[in-house]
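Trainee: Handing you a structure now.
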There are 2 protein chains.
Amino acid sequence: MTERIRNFLDKIPHDGPVLVVDLEAVRENYLTFSRTMPDTSIYYAVKANPAPEILSLLAELGSSFDCASVAEIEMVLAAGATADRISFGNTIKKEADIARAHALGVRLFAFDARAELEKIARAAPGGQVFCRILCDGEGAEWPLSRKFGCDPAMAEGLMEEAQNLGLEPLGLSFHVGSQQTDLAAWDRALATVGGLFRRLADKGIVLRLVNLGGGFPARYRRDVPAMEAYSQAIHDAIIAHFGNHPPKTIIEPGRAMVGNAGIIRSEVVLISRKDQSKTSEDNPRWVFLDIGKFGGLVECMDEAIRYPIRSRRDDDAMEPAIIAGPTCDSADVLYERNRYPLPLSLDIGDHILIEATGAYTSTYASVAFNGFAPLKSLVI
Amino acid sequence: MTERIRNFLDKIPHDGPVLVVDLEAVRENYLTFSRTMPDTSIYYAVKANPAPEILSLLAELGSSFDCASVAEIEMVLAAGATADRISFGNTIKKEADIARAHALGVRLFAFDARAELEKIARAAPGGQVFCRILCDGEGAEWPLSRKFGCDPAMAEGLMEEAQNLGLEPLGLSFHVGSQQTDLAAWDRALATVGGLFRRLADKGIVLRLVNLGGGFPARYRRDVPAMEAYSQAIHDAIIAHFGNHPPKTIIEPGRAMVGNAGIIRSEVVLISRKDQSKTSEDNPRWVFLDIGKFGGLVECMDEAIRYPIRSRRDDDAMEPAIIAGPTCDSADVLYERNRYPLPLSLDIGDHILIEATGAYTSTYASVAFNGFAPLKSLVI
């Protein structure tokens, strides 16, 4: 799938790290989602990678969009999607931004707190709202904290409040945590959501939407369940908890839409050991790249995400190494506790490919930390 | 010291978070360093805050500069300093960047590995080099990993090698760790450095420079030893380990030069609790700001640095709160384990001041994560 990127990279000179995203891979991911979850609307999580070419492709394919800010909403509109395909999915919004989104035609808003609901009622009167509930996040590689969502009982009261404020209480959302590989996570969340639907229906509030969030994993170094298995698990849970009256569902894939579609090429800047008197295990190789945590690989924080890393010398003898970035910041170490096998023949100036880096890299890069330019991004 | 910033902020509208740096505070910090350490050359660590106004002021005051990249070197030259006042202090440099620095007139280079020394010998022939040695970092709030530096015995061999490669083996450097409050840390490091000076002198290599690095703390919420105490501890350690032949010394303050000179103003976007049925301690307030880890406060990572946070309502009753940023990333939480006392009357739309944020904020901000613009920076 990424052969095209490799061929492309062979033709361009290296003057700093570069991310290349293959639109064909994005297209394939989109089509896999729509084929395996035909009854579910796809809202691409723009924050994963807002490159205009990606947004245009997805708009053309019929995707909807989950936006975190007014800037993202404007990018989606510029890419050719209409406002009715946009969800303002951030639960933390300034009232002025809600008003701007409303003025741009956006109708669908997320919330998880009474004060946010009040802002929406004032700034986007009559808008459709969905309430995010708290999920345990068990089984996710990048578990969510309690930052987003509220207790389900509180959500029940807030949906009544939404109605009282003149808003349309459309549904509920949850997020099982990023890179979620435990399929039962969706069942646990949908059991809670189903119960809330019934209790609210008893009060005359008929919800219509379940936002299943994201959490669909991209493949990094470990195998992950195929999309079909997710689709089946979600389908079974919907049947179990909603019976013959399934709600409209939407998903918000970000990482799973673009993660495997991108490759970062980086250059080895230095290879060293700290002590010449010791054996190699106590005295590991440090491999310093021209990209690090501040250049776009912030998801290596706590070594949570382990990207596949390749070089041309991977047939040579390997030895585990520590991998670090180029800045003068000692926190700019990518993998230290869990060392990476890298070829012993690896040399300064060699290129390495960091795969599955299409999501959460280009926009995470720092403006100019240590004077280094942000990650370049190309789409082919 | 920051009264000028408060007055300035009162006059400008809030359309997103802003960092304001007071040049008078930077000047005062510089003068304190030069008064308390008159025999030591000051190399400002540009990465802490490369605002052109700060670089121009320090150039005018006579400071030298520690640069992490060619871009930083170019900024320092543009600010009016000459190349002989620049140290290329990053131990991880591309050979092409060493050559560019050399072409710009830079003569002084850091290294900690044989391969780096070879690059310098090729790209900056005849250059002056100092070798960074590993320090334990004990007592620092943001301890350094083993990323920088090499074992002292290895440094000894590398300084001989430097001479053989036609470079000028000028001295040694170390870094005791950022926000170092244990004054004995400098004594331990200088004992090692003194020993290396003597062993190398016995081999005919007479070193002249000790780079004492940074680590001088800025005051956040806890009191830190006054600069005089640092100066005295370093002076005593130099006497103890070098006797009557003290080397030339340099320091590389970054945080201590600009940290307390800056204040970020942010707006409260949302205040909520996750559950309406529980008492307040189990059900803390979440206070969401329009700045977070990805907007410039990355040093809140692991809650390492606790900035003083003020509002106009600080005379009201206080309750500990969780503080989080505005992005859809669950890792974008500033303080959760260690909650912050904030006024119970704090309201959405209120401004809060995050003090002592002049260092490691503006350039750390992400390019556009979630579509949010990078931190604005103003210098007065």
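Trainee: Which one of these does A:ILE263 not meet: (1) open to solvent by 20 Å² or more (accessible area, probe 1.4 Å); (2) more than 14 Å from chain B (Cβ to nearest Cβ)?
Mentor: Among (1) open to solvent by 20 Å² or more (accessible area, probe 1.4 Å); (2) more than 14 Å from chain B (Cβ to nearest Cβ), the lone unmet condition for A:ILE263 is (1).
Trainee: Are any residues in segment A:147-162 acidic (Asp, Glu) and either more than 7 Å from every other protein chain (Cβ to nearest Cβ) or in a helix (DSSP H, G or I) (or both), and if so, which ones?
Mentor: The answer is A:GLU156, A:GLU160, A:GLU161.
Trainee: Considering only residues that are in a loop (DSSP other than H, G, I, E, B) and hydrophobic (A, V, I, L, M, F, W, C), look in segment A:336-357 and name the one that is surrounded by the fewest Cβ atoms within 10 Å (Cβ to Cβ). Quick ask: steps written out before the conclusion?
Mentor: We begin by selecting, within segment A:336-357, every residue in a loop (DSSP other than H, G, I, E, B); these are A:344-350, A:356-357.
Going one step further and asking which of them are hydrophobic (A, V, I, L, M, F, W, C), we end up with A:344, A:346, A:348, A:356.
Details: A:LEU344: 14, A:LEU346: 20, A:ILE348: 19, A:ALA356: 23.
Here the answer is A:LEU344.
Trainee: Could I ask something else about it? Can you spot a residue in segment B:37-57 that is small (Gly, Ala, Ser), more than 13 Å from chain A (Cβ to nearest Cβ), under 19 Å from the mean Cα position of the chain (by Cα) and open to solvent by 10 Å² or more (accessible area, probe 1.4 Å)?
Mentor: Keep residues of segment B:37-57 that are small (Gly, Ala, Ser), which gives B:41, B:45, B:48, B:51, B:56.
Checking which are more than 13 Å from chain A (Cβ to nearest Cβ) leaves us with B:41, B:56.
Adding the requirement that they be under 19 Å from the mean Cα position of the chain (by Cα) leaves B:41, B:56.
Those still in the list that are open to solvent by 10 Å² or more (accessible area, probe 1.4 Å) too: B:41, B:56.
Looking for residues that are small (Gly, Ala, Ser), more than 13 Å from chain A (Cβ to nearest Cβ), under 19 Å from the mean Cα position of the chain (by Cα) and open to solvent by 10 Å² or more (accessible area, probe 1.4 Å), one finds at least one in segment B:37-57, hence yes.
Trainee: Out of all the residues in segment B:365-375, which are part of a loop (DSSP other than H, G, I, E, B) and open to solvent by less than 10 Å² (accessible area, probe 1.4 Å)?
Mentor: Passing the criteria: only B:ALA365.
Trainee: Filter segment A:279-325 down to the residues that are within 11 Å of chain B (Cβ to nearest Cβ), open to solvent by 10 Å² or more (accessible area, probe 1.4 Å) and either hydrophobic (A, V, I, L, M, F, W, C) or closer than 21 Å to B:LYS293 by Cβ (or both) and list them by number.
Mentor: A:LYS293, A:PHE294, A:GLY295, A:VAL298, A:MET301, A:ASP302, A:ALA304
Trainee: Pick from A:PHE130, A:PHE109: which is free of Cβ contacts under 8 Å to residues at least 24 places away in the same chain, more than 8 Å from chain B (Cβ to nearest Cβ) and touching a Gly at 6+ places or on another chain (Cβ under 9 Å)?
Mentor: The unique qualifying residue is A:PHE109.
Trainee: While we're here: Going residue by residue through segment A:355-377, is there one that turns out to be of a type in the set (A, V, I, L, M, F, W, C) and free of Cβ contacts under 8 Å to residues at least 24 places away in the same chain?
Mentor: Yes, there is a match, as at least one residue in segment A:355-377 is of a type in the set (A, V, I, L, M, F, W, C) and free of Cβ contacts under 8 Å to residues at least 24 places away in the same chain.
Trainee: Looking at (1) more than 7 Å from every other protein chain (Cβ to nearest Cβ); (2) open to solvent by less than 20 Å² (accessible area, probe 1.4 Å), which one does A:LEU378 not meet, given that it meets all the others?
Mentor: Single failed check for A:LEU378: (2).
Trainee: Being at the interface with chain B (Cβ under 9 Å from one of its Cβ atoms), in contact with a Cys (Cβ under 8 Å, 6 or more places away or on another chain) and closer than 22 Å to A:LEU207 by Cβ: is that true of A:ALA68 here?
Mentor: no
Trainee: If I filter segment A:76-98 down to residues being in a helix (DSSP H, G or I) and either farther than 25 Å from A:LEU117 by Cα or more than 12 Å from every other protein chain (Cβ to nearest Cβ) (or both), which single residue comes out as least open to solvent (accessible area, probe 1.4 Å)?
Mentor: A:ALA83
Trainee: Now a separate question. Which count do you get for residues in segment A:324-362 that are closer than 26 Å to A:LYS11 by Cβ and not small (Gly, Ala, Ser)?
Mentor: Residues that pass the stated criteria total 14.
The values are calculated or read from the model by the stated rules, or taken from the named source; none is laboratory data. The shown structure was predicted, so the numbers you read here are calculated from the model rather than taken from an experiment. Reconstructed Cβ throughout: ideal geometry from the backbone, glycine too, with neighbour counts over all protein chains shown. Each accessible area value is taken on the protein alone, full model and side chains, heavy atoms only, with ligands, DNA and RNA left out. Shrake-Rupley method; radii C 1.70, N 1.55, O 1.52, S 1.80 Å.
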